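Report on the structure given below.
The values are calculated or read from the model by the stated rules, or taken from the named source; none is laboratory data. Computed from a predicted model, the values in this text were never measured in an experiment. In this analysis, Cβ positions are derived from the backbone assuming ideal geometry, glycine residues included, and neighbour counts consider all displayed protein chains.
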Amino acid sequence: MTEPAANRKIRNQADIRALEAATAAGFLPVASTWELLARGRDLFGDRLAFRFLETGMPGGPSADLSHADLFARVTQAANLFADLGVGPDDAVAMLAPNIPEAHFALWGGEAAGRACPVNNLLNTDHIVDLVEAAGAKVLVALGPDPDLDIWTRALEVRDRAPGLNAVLSIGGAQDGAADFAAAIAGYPADRLTSGRTIRRGDIASCFHTGGTTGAPKLALHTHGNELHVSWSACLMLDVRPEDAAINGFPLFHVAGSMVFGMAFLAGGASIVLPTRLGMRHPDIVARYWEHVAEHRISILPAVPTLLATLLSRPVPETDMSSVRGLIIGGSPLPTEMADAFEESFGIPVRNVFGMTESSGIIAMEPFHASARVGGSCGLPLPHTEVIAAALAGPDGVDVSQPMPAGVTGVLAARGGHVSPGYTDPERNPGTFTDDGWLISGDLGHVDENGYVFVTGRSKDVIIRGAHNIDPAMVEEMVNRHPAVEMSAAIGQPDAYAGELPVVYVALKPGAAATEEEILAFVTPLIAERPAVPKRVHILPDLPQTALGKVFKPALRLQSIERVFGEALAPLRDDGVAVTVTGQQSAAGLSAHIALSGADGAAEERVRSLLRGFPVDYEMEVSA
């Protein structure tokens, strides 16, 4: 069997080309995620695969699972699901945090049919829509828990999704639902009793993406898609059996399941699962470096919000010698934040860029790169293509016209990681092309060394931390207010979360409402809590294009000016005149900052006050 390229360290595009040439006859070592776990059983056996922390305190109780045990539990789950009627075209839906049992259900669901992990923060209507669109016959959910109220929602879904044959409870039998662990215990752990032969082109899963506006939007992944991303990440991160990582991402997010899940299992590494609350557990974040030292963590998966939190605290004296790098994704990474982290902690930072429709990764920076390329999210995965495609009209993209190196276009990807499309094929146009391209919706360019740069978004998706928010969903709810004529939701720059959702509103003629009243009205209507707007701004009119569409770039410029102006208020308090002007160019949105009456330390103060904001800026200083 193919081993991780221990002697083929990937540092640059030339190394990727050499790997592609060496693996032209066959890049992937197996045909399915189930076989990849079987490979892990054979190669890594009793080595640790998962360590589940039961509390957030260092030294607290934990439960360990080996690679051999993981394969056995996954296989037993697959055999149970097959007995419950799950076949290749059926799904196992999941409402559970990132805990070992959820992995049994996820990978077991893929071995029996398809897996469909669902965000438990969605409202019941949306969950039911997703379960039905996936064709789920089984739902596996976390039972009653003092911190997570998932079970109540699972029972509501059971009552409203007639296609479900069974609901299984993690943590004990409940309300007529069998205990998941007890149910799988009696099944064979070494083979699929269905006799199924899984092929790379078979559908493995369906992951929901963005926000929903009624009909679910589920991206399909083949086994080949998930293997391509997991194996590529394993190679580019040089994952080894002695590695350990903290994975606090949810499994309904491709980062939790693929990028920092299966990719690490493929290399024989161990994964620390930080309680049922993941990184939301306050003790996990507060005692982060103590956990790193205790579990000898070598790779730190993160999002910019975690980096911002760690940078806001004094550098601890805890042993960090096990750490060889941090990999970050989820939202754009400010270069200054990455520089500050590397300078403070001495840990290399590497970026990753992807989306659900690419099974998690489009490009990533290799751990063995000589240095981080500022502003870049890395190199395309092996055996894939990434181009900056030319814009064709107001809403179109021409993938037949890739832009020259360094010239901005709409980023598009093609390769074994690209989803075959959505469960509803009518939603494919504009995202998937007939010749295999995935249109990312992100503006960017590819430089002469193959590095990919994201400079903006042609789509309007708001990225709060690692959470994608569909502005149309927010706008639909705001527009239900009887006084609202029109609304536009955008991402307001934020130093911690990257972006926060805010809404600009124009009222109907003669109508009256306050910003606070509209916010109070819409808050209970938003299905995803992270999508609830932080602020509502009422304007006389919303800026529009000649075709009558809301011109959101103008609102984003207003937002940049407002947020930067508020952040730089301490300078004004010291007598410095500050003027912030939003700017738009082909490279994206930025800010021009003019300082008058400033001393020599003003520029450094600006950099300090604006550290973390994902917006480029230039300064003009006068005495």
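Points worth noting:
- Meets criteria (at pLDDT below 95, hydrophobic (A, V, I, L, M, F, W, C), part of a loop (DSSP other than H, G, I, E, B) and more than 15 Å from F180 (Cβ to Cβ)) for A5: yes
- When the range 294-310 is limited to residues that are free of Cβ contacts under 8 Å to residues at least 60 places away in the same chain and more than 19 Å from the chain's Cα centre (by Cα), the one that is surrounded by the most Cβ atoms within 10 Å (Cβ to Cβ) turns out to be I297.
- Test result for I361, under 26 Å from L28 (Cβ atoms) and at pLDDT 95 or above: yes
- When the residues of the range 464-483 are filtered to those that are part of a strand (DSSP E or B) and in contact with an Asp or Glu (Cβ under 9 Å, 6 or more places away or on another chain), the one that is modelled with the lowest pLDDT is H467.
- Residues considered: V315, V323. Of these, the only one that is farther than 20 Å from G498 by Cβ, under 23 Å from the mean Cα position of the chain (by Cα) and assigned by TED's automatic domain parsing to the domain that holds A245 is V323.
- Look at the range 124-136: where a residue is of a type in the set (G, A, S) and a partner is assigned to a loop (DSSP other than H, G, I, E, B), sitting 6+ places away or on another chain with Cβ atoms under 6 Å, you get A133/P216; A133/T423; G135/D90.
- Entry remark, the range 484-500: residues being outside any loop (DSSP other than H, G, I, E, B) and either at pLDDT 95 or above or within 14 Å of V615 (Cα to Cα) (or both) number 7 in total.
- Of the listed requirements (1) surrounded by 24 or more Cβ atoms within 10 Å (Cβ to Cβ); (2) in contact with a Ser or Thr (Cβ under 8 Å, 6 or more places away or on another chain); (3) over 17 Å from T455 (Cα atoms), S322 misses just one: (1).
- Candidates A520, A527, filtered to the one that is of a type in the set (A, V, I, L, M) and assigned to a loop (DSSP other than H, G, I, E, B): A527
- Residue count for the range 429-459 satisfying the condition of being assigned to a loop (DSSP other than H, G, I, E, B) and within 20 Å of F207 (Cα to Cα): 7.
- Just one residue in the set E499, E476, E516, E485 is among the charged types (D, E, K, R), within 23 Å of the chain's Cα centre (by Cα) and either surrounded by 18 or more Cβ atoms within 10 Å (Cβ to Cβ) or under 30 Å from S590 (Cα atoms) (or both); that residue is E499.
- Residue check for N165: modelled with pLDDT under 95 and farther than 20 Å from T423 by Cα: no
- Neighbours by Cβ (under 7 Å, 6+ apart or cross-chain): first from the range 29-48, on the phi > 0 side of the Ramachandran plot; second at pLDDT 95 or above: G45/S66; G45/H67; G45/A68
- Pairs where the first residue, in the range 333-356, is within 21 Å of A412 (Cβ to Cβ) and not assigned by TED's automatic domain parsing to the domain that holds V323 and the second is surrounded by 22 or more Cβ atoms within 10 Å (Cβ to Cβ) and modelled with pLDDT of 95 or more, C-beta under 6 Å, 6+ apart: none
- Of all residues making up the range 395-422, the number that are touching a Leu at 6+ places or on another chain (Cβ under 9 Å) and in contact (Cβ under 8 Å) with a residue 40 or more places away in the chain: 13
- If you filter the range 289-305 down to residues that are assigned to a helix (DSSP H, G or I) and either in contact with a strand residue (DSSP E or B) (Cβ under 8 Å, 6 or more places away or on another chain) or among the β-branched types (V, I, T) (or both), you find that the one that is farthest from P348 (Cα to Cα) is H291.
- Options A405, A389, A371: the member that is surrounded by 19 or more Cβ atoms within 10 Å (Cβ to Cβ) and assigned by TED's automatic domain parsing to the domain that holds V229: A389
- Top-ranked residue of the range 608-623 - restricted to ones that are of a type outside the set (D, E, K, R) and in contact (Cβ under 8 Å) with a residue 60 or more places away in the chain, ranked as nearest to T581 (Cα to Cα): V615
- Subset of the range 328-381 [part of a loop (DSSP other than H, G, I, E, B) and basic (K, R)]: R372
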